[in-house]
1. Are there any pairs, at least 6 apart or on different chains, whose C-beta atoms fall under 6 Å, with the first in region 65-81 and farther than 19 Å from residue 35 by Cβ and the second assigned to a strand (DSSP E or B) and modelled with pLDDT of 80 or more, and if so, which?
2. Hand me the list of strands (runs of 3 or more DSSP E) wholly inside region 1-85 holding 1 or more residues that are at positive phi and modelled with pLDDT of 75 or more.
């Protein structure tokens, strides 16, 4: 390996280590001691309109909440027995 490549690798490692201290991982506050919530995720399938998923609260806050207009339901702290068969009834 050339000296130039070694220098670049050392520089890259230093930049990555430094950026980890400036930009720490984003974590959500636990909900009842957990970070996980239940979501009825809309699939756009007539045969299977929802799937029940257990995701990190950050997944809801940063993604699934944007799908409310397409049918995602949640978040739920406790696991629903089932998701609705269509968008008109509530999870149970």
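The values are calculated or read from the model by the stated rules, or taken from the named source; none is laboratory data. Worth saying up front: this structure is predicted, and the values here are computed from it rather than measured. Positions of Cβ are backbone-derived with ideal geometry, glycine not excepted, and every protein chain shown enters the neighbour counts.
1. Taking only residues 6 or more apart or on different chains, the pairs are 70/42; 71/42; 73/40.
2. 73-76
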